[in-house]
Amino acid sequence: MWVSLSLAGGASSVSEARRSCLDLMHAGGVSDDDASCAAIVVTELVSNAFRHTAGPCVVHIKIEEGIRIQVWDSDPSILELPRKAMKVESIDNLSCGGYGLGIVAEISKEFRTYPAHSGKVVEVVIPASGDYGLVA
């Protein structure tokens, strides 16, 4: 079963999404490590949705053989998704930003984006390290 969260935007939306994700992970019997990975992914994708669009965004999460996360936003442009996170040694200017999707790509086993209902969906599947008997 999918669990969904609609977010209007604003400063509290990212923390609301992260908190809701962690609550769902713990209710679903997900290990702390996997819950942390899911929270990182949700935080990054929701942050990007609000940074690059006018809002709103919708988060869908499903615990199955892994953790499937989908984030819809109103921007129809498809992302170029990095496959490897940038190595810190290669950074000349230690500027903030621009590394989150690379980190998400490293965490995930599936990472894709596709057009959907007046916008796009970014979908990530995190491999499960635990055996989850409970499905949310």
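The values are calculated or read from the model by the stated rules, or taken from the named source; none is laboratory data. All figures in this text were calculated on a predicted structure; none of them were measured in a lab. Heads up: the accessible areas ignore ligands, DNA and RNA and are worked out on the full protein's heavy atoms, side chains in. Shrake-Rupley method; radii C 1.70, N 1.55, O 1.52, S 1.80 Å.
Solvent-accessible surface (1.4 Å probe) assigned to Lys120 amounts to roughly 10 Å². A 1.4 Å probe over all protein chains sorts Glu106, Glu80, Glu44, Glu16 by accessible area into Glu80, Glu106, Glu16, Glu44, starting with the largest.
A 1.4 Å probe run over region 1-83, with the rest of the protein chains in place, finds 49 Å² accessible per residue.
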